[in-house]
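The values are calculated or read from the model by the stated rules, or taken from the named source; none is laboratory data. Since the structure is predicted, the reported quantities are computational estimates derived from the model, not experimental observations. Counting neighbours? That spans all protein chains shown, and the Cβs are built from the backbone with ideal geometry, glycine included. Please note that ligands, DNA and RNA were not included when accessible areas were found on the heavy atoms of the full protein model with its side chains. Shrake-Rupley method; radii C 1.70, N 1.55, O 1.52, S 1.80 Å.
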Amino acid sequence: MTDPDLSGFLERLTADGRRAGCVAHIEEIPARPAEYGELIPPLDPRILNALKRRGIGDLFLHQADAITKIRAGKSVVVVTGTASGKTLCYHLPVLSSQLEDPLSTALMIYPTKALTQDQLRGLESLAGELPITAGTYDGDTPRNLRTNLRDRGSVILTNPDMLHAGILPHHSRWARFFTHLKFVIIDEVHAYRGVFGSHLANVMRRLRRISAHYGSDPVFVACSATIENPGEHARRLTGVPVEVVDRDGSPRGPRKIVLWNPPPRNAGRDGAGGRDGGPAAPAAAGGDRRSALFEVVRIFTALLTEGLQTIAFSPTRLFAELIHKNTRERLLPLSRRLADSVRAYRGGYLPEERREIESQLANRELLGVASTNALELGIDIGSLQACVLLGYPGTVASLWQQAGRAGRGQEEALVFLVARNTPVDQFLAGNARWLFDRNPERVITDPDNPHVSVGHLRCAVHELPLDAEEARVFGPLAEPILELLEEEGTVKRIADRWYFGSTEYPAANVSLRNIAGPVVTIEDETDGGRVIGTLDELAAMSQLHDHAVYLHGGETWFVNGLDLEQRIARVTRRELDYYTQAVSASRIRIDEKEEEGEWRGNLLGYGDVTVTTTIPMFKKVRFHSRESVGFEKLELPPQELETAAMWFAPQRVIGEALERESLLLAEALIGLGNVLVEVAPLLLMCDPRDIAAVVDASQLGRSAIFVHDRYPGGLGYAAGVRERFPELIEAVTAVIRDCSCEVGCPSCVGSAVTPFAHSDLDTSVRGRIPGKRATIRLLELMESAVEVAAV
């Protein structure tokens, strides 16, 4: 962007009085010069020539640092910004290895097929005439090409699912490849968290075991966006010591990030501008606000009108298409050529169409694109001038990756984050420092969860007989799990080794995105019963019940029926403006207390629990406003979940103080839980659907709130809430305190996305919003616990 006049642009954007005060915060990030490093000895002249053809001279500091460590046989994780050249950190060692030893091989793992194809093009472009045989090995690879790659390939690019089910179980056919395996690359490691990350860690355990069987010990190279624990996370995924490379040497131009909060719905036509037509102060956060979607359309249109190449990110395919459609309609009266320079980009398009859009963006043939997070990952589209985000994307890592798409060389970039009507978005609109001053989120995985590792132990024994020492790699519970598998006839112990004793193909029964147990298959009724996905039975009860709206791939699917006997959910794709939320009633039982202590005089604990949940009804919620538009009753059997939970029980004097003010502690805790579930992702890098809150008075002799993982055995989220509870309470307090509503709204205690398990004390089941006053008073009393105890 050629020295954009940000102040003038914003003045024009807020000329409508209703938008005065929408600018909640502007963060100015200064330019950063390049820092270079030196490789000793230098790269092979043939590789230097290949770099020169690409216009690359000296290596950035982080590239030289990473390559030096990799040359020394050390595994690394590279943590630098978008478009900082992380790919060269592993492309150059792989190419060097090929020139030194033509038999050497490398395995590159990417989370999506689109990214895999893009990375292959980048590798082939860099390699040029260098003697390598590289190719993608996934479900779209033709059979004849698969055979050629397996027999002759030196660099294989694939995804976790194909590695798990299509390569490792057939390792004997890959003997040449595994014998000479020098490098394993895992790109976008921050994307592997929770269930998916826990499964990938077990796939890596199997990969290392098979590599050792063929005599190789590969170096692991991981690349990540900014997270709190990159070294720990990479070590947990790979199972080997990892060194962190995080001093970013790439240059960056100045960047302005604007937090934009849509005006309240009740804002007058003339708005709330300052005196004499001057700008208004930022409006208070929270309250019921106008559609963030159409604010994005407005900003996107304004940027394009000024000739600024811009990308607009949205959380779903439907929103991406709506932004594209409405932007075109606004631009058509001005210029058809301008309107035709805007396109949408999302999964579901043909690969050729996506490649065309990527090329047009890189070549500046397109001025704007409305995209899902499909363009967040490292697909090459060049650097744009501006970026607009529809809502906080869920993690700081995603925010910086999306914002990083704006910024061309040393030119200034402009980024808008448009807040939605959610507790997290409204909290960030009023507390920008949480975004820019605090550490990013912590990635959580639990590879040792027995519900995850059991499937991979079956796969491991199927691949090669397993001895006791190898079994320990799969966690402390591996031995008992193997004994259970022997009882069911899957494996058999002979002497000191375990052998596979079944005719089944175990990898086919392990989904990398689900916990072990009964799985519901999701079938598209309009396409001959085509399977579009699977979901574990527990999650299916709340997300795939009759008449639910299931979100898959950014599209809305209407559930025509859920057959629990056959474990099939039959769905039809529909364009809907609402989603559904199960309203649940839960009971909780503490099975084992692992730790318990005090915080500000209140009880804080953690341990194993059993949650029994019934779902009597569900509600329909508008996407834009998050207002409830109706309920439907359900008849589903109760479900039991053995998992992990943390609990918080206010001291008795707090409950007594609330009662004296005619307020209910249970109601206050429900409001607290609503917000706590939503703000937890700010620190834990999880989704609100990964955890749930239950209010219960039967287990601790007083009312308490329990926050539990929504996965059997737990994955570490509840432990993270326990560990960072004081920080989370600080955020919860700010969300509720700063919201401009009086009695509660979707932006605070009355969030449309309520906790996934409530006690029967939950008055919101009857359509009532948990009392904001009760929750605020509870938080005040928690802060002044000493004074309360003295009353």
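Could you say which residue among Thr526, Thr534, Thr556 is closer than 27 Å to Ala374 by Cα and exposed (fewer than 15 other Cβ atoms within 10 Å of the Cβ)?
Details: Thr534 fails: exposed (fewer than 15 other Cβ atoms within 10 Å of the Cβ); Thr556 fails: exposed (fewer than 15 other Cβ atoms within 10 Å of the Cβ).
Exactly one of Thr526, Thr534, Thr556 is closer than 27 Å to Ala374 by Cα and exposed (fewer than 15 other Cβ atoms within 10 Å of the Cβ), namely Thr526.
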Of the residues that make up the range 99-106, is at least one open to solvent by less than 50 Å² (accessible area, probe 1.4 Å), in contact with a Lys or Arg (Cβ under 7 Å, 6 or more places away or on another chain) and on the phi > 0 side of the Ramachandran plot? no
Is the range 209-223 home to any residue that is part of a helix (DSSP H, G or I) and open to solvent by 40 Å² or more (accessible area, probe 1.4 Å)? yes
In the range 738-782, how many are at pLDDT 85 or above and open to solvent by 20 Å² or more (accessible area, probe 1.4 Å)? 4
Per the filter on the range 622-651, residues more than 23 Å from Tyr579 (Cβ to Cβ), loosely packed, with under 14 Cβ neighbours inside 10 Å and either charged (D, E, K, R) or in contact with a Cys (Cβ under 6 Å, 6 or more places away or on another chain) (or both) are Glu640
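Residue check: is Arg173 without any contact (Cβ under 8 Å) to a residue 24 or more places away in the chain and within 25 Å of Ser511 (Cβ to Cβ)?
It is true that Arg173 is without any contact (Cβ under 8 Å) to a residue 24 or more places away in the chain and within 25 Å of Ser511 (Cβ to Cβ).
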So His324 fits all but one of (1) modelled with pLDDT of 90 or more; (2) closer than 25 Å to Tyr579 by Cα; (3) in contact with a helix residue (DSSP H, G or I) (Cβ under 7 Å, 6 or more places away or on another chain); what number is the exception? (3)
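Please go through the range 129-152 and pick out each residue that is farther than 20 Å from Asp44 by Cα, of a type in the set (Val, Ile, Thr) and either in contact (Cβ under 8 Å) with a residue 24 or more places away in the chain or open to solvent by less than 20 Å² (accessible area, probe 1.4 Å) (or both). Outline the logic, then answer.
Looking only at the range 129-152, we keep the residues that are farther than 20 Å from Asp44 by Cα, and these are 135-152.
Then keep just the ones that are of a type in the set (Val, Ile, Thr); that gives 136, 141, 147.
Result: Thr136, Thr141.
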With the requirement that a residue be open to solvent by 20 Å² or more (accessible area, probe 1.4 Å), at pLDDT 85 or above and within 22 Å of the chain's Cα centre (by Cα), what does the range 110-128 give you? Pro111
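Check Ala72, Ala106 and return the single one that is among the small types (Gly, Ala, Ser), out of contact with any Leu (no Cβ under 9 Å at 6 or more places or on another chain) and modelled with pLDDT of 95 or more.
Numbers: Ala106 fails: out of contact with any Leu (no Cβ under 9 Å at 6 or more places or on another chain).
Going through Ala72, Ala106 in turn, just one is among the small types (Gly, Ala, Ser), out of contact with any Leu (no Cβ under 9 Å at 6 or more places or on another chain) and modelled with pLDDT of 95 or more: Ala72.
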Among what's in the range 84-97 and is open to solvent by 10 Å² or more (accessible area, probe 1.4 Å) and not basic (Lys, Arg), pick the residue that is modelled with the lowest pLDDT. Gly85
Considering each of Leu564, Leu512, Leu477 in turn, give the residue that is closer than 30 Å to Ala692 by Cβ and modelled with pLDDT under 90. Leu564
Which of the residues spanning the range 77-115 are within 21 Å of Ala34 (Cα to Cα) and of a type in the set (Val, Ile, Thr)? Val77, Val78, Val79, Thr80, Thr82, Thr87
Taking the range 666-718 only, how many residues are within 15 Å of Ala539 (Cβ to Cβ) and assigned to a helix (DSSP H, G or I)? 4
Considering the range 593-602 alone, what residues qualify as being in contact with a strand residue (DSSP E or B) (Cβ under 9 Å, 6 or more places away or on another chain) and open to solvent by 30 Å² or more (accessible area, probe 1.4 Å)? Lys593, Glu594, Glu595, Glu596, Glu598, Trp599
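Across the range 65-83, what is the total count of residues that are without any contact (Cβ under 8 Å) to a residue 40 or more places away in the chain and open to solvent by less than 20 Å² (accessible area, probe 1.4 Å)? Walk me through it before giving the result.
At the first step, the residues of the range 65-83 found to be without any contact (Cβ under 8 Å) to a residue 40 or more places away in the chain are 67-68, 71-72.
If we keep only those that are open to solvent by less than 20 Å² (accessible area, probe 1.4 Å) as well, we get 67.
Qualifying residue count for the region: 1.
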Counted residues in the range 120-135 being in contact with a helix residue (DSSP H, G or I) (Cβ under 9 Å, 6 or more places away or on another chain) and under 10 Å from Val155 (Cβ atoms) come to 6
Residue satisfying all of: in the range 298-309; farther than 20 Å from Gly21 by Cβ and open to solvent by less than 10 Å² (accessible area, probe 1.4 Å); nearest to the chain's Cα centre (by Cα) among these: Phe300
Check on His170, open to solvent by less than 20 Å² (accessible area, probe 1.4 Å), in a helix (DSSP H, G or I) and not charged (D, E, K, R): no
Just one of the numbered conditions (1) among the charged types (D, E, K, R); (2) at pLDDT below 90; (3) crowded, with 23+ Cβ neighbours inside 10 Å is not true of Arg689; which one? (3)
Picking from Leu484, Leu464, which residue would you name as being surrounded by 17 or more Cβ atoms within 10 Å (Cβ to Cβ) and touching a helix residue (DSSP H, G or I) at 6+ places or on another chain (Cβ under 9 Å)? Leu464
Complete set of residues in the range 404-433 that are surrounded by fewer than 24 Cβ atoms within 10 Å (Cβ to Cβ) and over 23 Å from Pro263 (Cα atoms): Gly404, Arg408, Gly409, Gln410, Glu411, Glu412
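Can you spot a residue in the range 642-652 that is in a strand (DSSP E or B), more than 26 Å from the chain's Cα centre (by Cα) and at pLDDT 95 or above?
Going residue by residue through the range 642-652, those that are in a strand (DSSP E or B) are 642-649.
Subsequent filtering for residues that are more than 26 Å from the chain's Cα centre (by Cα) retains 648-649.
Remaining after also requiring at pLDDT 95 or above: 648-649.
Yes, the conditions are met somewhere in the range 642-652.
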Tell me which residues, restricted to the range 511-523, are crowded, with 20+ Cβ neighbours inside 10 Å, in a loop (DSSP other than H, G, I, E, B) and either over 23 Å from the mean Cα position of the chain (by Cα) or of a type in the set (A, V, I, L, M) (or both). Leu512, Ile515, Ala516
